[in-house]
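A quick write-up on the structure given underneath.
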Amino acid sequence: MMLGPAIELGLPLTVLATDPAESAAQGAAHVRIGRHDDEEAVRALAAEVDVLTFDHEHVPPRILEGIERDGLAAVRPGPAALVHAQDKVLMRERLGALGHPCPRWWRAASAADVDAALAELGTAGRAVVKTPRGGYDGHGVRVVSAGSDVADWFEDHEELLVEELVPFTRELSAQVARRPGGEMLAFPVVRSTQKDGVCFEVLAPAPDLGPADQERIQQLALRIAEDLGVTGMLAVELFETAGGEVLVNELAMRPHNTGHWSMDGAVTGQFEQHLRAVADLPLGASAPRAPHAVMVNLLGGTREDLAAGAREAMERDPGLKVHLYGKSVRPGRKVGHVTLAGSDPADLLARAHRAERLIIDAVHEEQNA
Ligand code: ADP
């Protein structure tokens, strides 16, 4: 999704892809084949470009530190910042030290440590346990009532993160962009809704969040970007609690699912903004184009071929924007998203979900018709 904006900005972009069949490799003019955790492959790419950036956080920090040390390319965000999006324990530790609001948390090196944290928590006897690295879309997150519930994870992980089970009223996300020199810009704070740990719906701006609260939460995300020295897009995922307080759940230093609405709903979409920030170009306005925007994820269902449903959805609703990722469909896999912008959030949500059902479950619709 960075390719379109890169072409428009006249920025030549080379993709490192594991397989030529990957969607980014299919769309890019310049492709190198290699794994993101293969030092040689990443260094060879770095030697060819001015700036190295990412669309996930799984490139090992030592590879990036080597590239920075040897001056092969500017790494943006740099490994010293990125590590806080790669490792949830380091993130908790650093945000806590900086005084940013987080859930209560513990490190656990054994099931007994998890039990000790549970005993300390005392609340309904449940906690959330996470693998510090490599998790995504709820993989690596479990609600537990005993240390034995994550005994299997200790086979592969030296340490796990235990957190209080936050009784949040809803989840918010704050995105900001930051240039190497420190110029920053915040996007409107949005509400994100998850199903089984996977984001499926975003409403921008978050409903019933007054201007003062919008501002307060944007300022929190800007401070985190500044404190950690982030370059590019930063997403701060948050829990809002009954008292209107927010706690930081996690950080992503790249364009993020909760920012997809901005591709069609803001003056500058997050993918363009990320490129502008890492290429040290002036940032584009992050103001919304309409009073409200929605994004609904297309999570793989029964249907292999999404084209027919997408055509039908576009036919029925010309205001709809469809983004398909060109990935093979597996149940629950993110294979695309739709966005809509306008003035009535309830109408936008209803239309977006209607489109989602048409595209993903068109077989269903056909059977019911
Ligand atoms: P991932 O890296 O897989 O996105 P997250 O840490 O964002 O994992 O967790 C996924 C989802 O699990 C969150 O969006 C939230 O709904 C739920 N969750 C995570 N941590 C907590 C917590 N401490 N309390 C309550 N719910 C949580």
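The values are calculated or read from the model by the stated rules, or taken from the named source; none is laboratory data. Because the structure is a prediction, the values reported are computed rather than measured. Cβ placement follows ideal geometry from the backbone for every residue including glycine, while neighbour counts extend to all protein chains displayed. Ligands, DNA and RNA are excluded from the accessible area calculation, which covers all protein heavy atoms including side chains. Shrake-Rupley method; radii C 1.70, N 1.55, O 1.52, S 1.80 Å.
For every residue, the table says whether it meets (1) in contact (Cβ under 8 Å) with a residue 60 or more places away in the chain; (2) within 30 Å of Leu11 (Cβ to Cβ); (3) open to solvent by 20 Å² or more (accessible area, probe 1.4 Å).
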site	(1), (2), (3)
His56	yes, yes, yes
Gly66	no, yes, no
Ala73	no, yes, no
Gln86	no, yes, no
Ser110	no, no, yes
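When each of Ala307, Ala346, Ala313, Ala350 is tested for being open to solvent by 10 Å² or more (accessible area, probe 1.4 Å) and over 18 Å from Ala204 (Cβ atoms), the lone residue that passes is Ala307. Filter the range 64-90 down to the residues that are small (Gly, Ala, Ser) and either assigned to a helix (DSSP H, G or I) or in contact with a Cys (Cβ under 9 Å, 6 or more places away or on another chain) (or both) and list them by number. Gly66, Ala80, Ala81, Ala85 - these are the residues of the range 64-90 that are small (Gly, Ala, Ser) and either assigned to a helix (DSSP H, G or I) or in contact with a Cys (Cβ under 9 Å, 6 or more places away or on another chain) (or both). Among the residues making up the range 244-270, a single one is within 16 Å of the ligand (Cβ to nearest atom) and at pLDDT below 95: Glu245.
Filtered by the rule that a residue be in contact with a Leu (Cβ under 8 Å, 6 or more places away or on another chain) and of a type in the set (Asp, Glu), the range 276-315 gives a lone residue, Glu312.
Filtering the range 165-182 to residues that are over 15 Å from the mean Cα position of the chain (by Cα) and within 12 Å of the ligand (Cβ to nearest atom) leaves Leu165, Val166, Pro167, Phe168, Thr169, Arg170. Pairing each residue of the range 293-321 that is at negative phi with any residue that is among the polar types (S, T, N, Q), provided the two are 6+ apart or on different chains, yields C-beta distances under 6 Å for Met295/Thr339; Lys321/Thr339. Within the range 123-134, no residue satisfies the criterion of being open to solvent by 20 Å² or more (accessible area, probe 1.4 Å) and near the ligand (Cβ under 6 Å from one of its atoms).
Residues in the range 204-221 that are under 23 Å from Leu348 (Cα atoms), under 19 Å from the mean Cα position of the chain (by Cα) and either away from the ligand (no atom under 16 Å from the Cβ) or open to solvent by 10 Å² or more (accessible area, probe 1.4 Å) (or both): Ala204, Pro205. In the set Val198, Val162, only one residue is farther than 26 Å from Glu356 by Cα and within 14 Å of the ligand (Cβ to nearest atom); that residue is Val162. Of the residues Ala355, Ala308, the single one that is hydrophobic (A, V, I, L, M, F, W, C), out of contact with any strand residue (DSSP E or B) (no Cβ under 7 Å at 6 or more places or on another chain) and outside any loop (DSSP other than H, G, I, E, B) is Ala308.
Are any of the residues in the range 98-106 in contact (Cβ under 8 Å) with a residue 24 or more places away in the chain, among the aliphatic types (A, V, I, L, M) and within 14 Å of the ligand (Cβ to nearest atom)? No; the residues of the range 98-106 include none that is in contact (Cβ under 8 Å) with a residue 24 or more places away in the chain, among the aliphatic types (A, V, I, L, M) and within 14 Å of the ligand (Cβ to nearest atom). Of the residues Leu251, Leu234, Leu160, Leu172, which single one is buried (at least 19 other Cβ atoms within 10 Å of the Cβ) and under 14 Å from Gln273 (Cβ atoms)? When all the criteria are applied, what remains is Leu234.
All conditions in (1) surrounded by 18 or more Cβ atoms within 10 Å (Cβ to Cβ); (2) within 10 Å of the ligand (Cβ to nearest atom) hold for Leu185, with the sole exception of (2). Residues of the range 1-16 that are under 22 Å from Asn257 (Cα atoms), open to solvent by 40 Å² or more (accessible area, probe 1.4 Å) and in a loop (DSSP other than H, G, I, E, B): Met1, Leu13.
Regarding Asp152, is this residue open to solvent by 50 Å² or more (accessible area, probe 1.4 Å), more than 30 Å from Pro211 (Cβ to Cβ) and more than 9 Å from the ligand (Cβ to nearest atom)? Yes, satisfied. Taking the criterion of being closer than 24 Å to Val162 by Cβ and either in contact with a Phe, Trp or Tyr (Cβ under 8 Å, 6 or more places away or on another chain) or more than 16 Å from the ligand (Cβ to nearest atom) (or both), the only residue of the range 38-81 that qualifies is Pro61.
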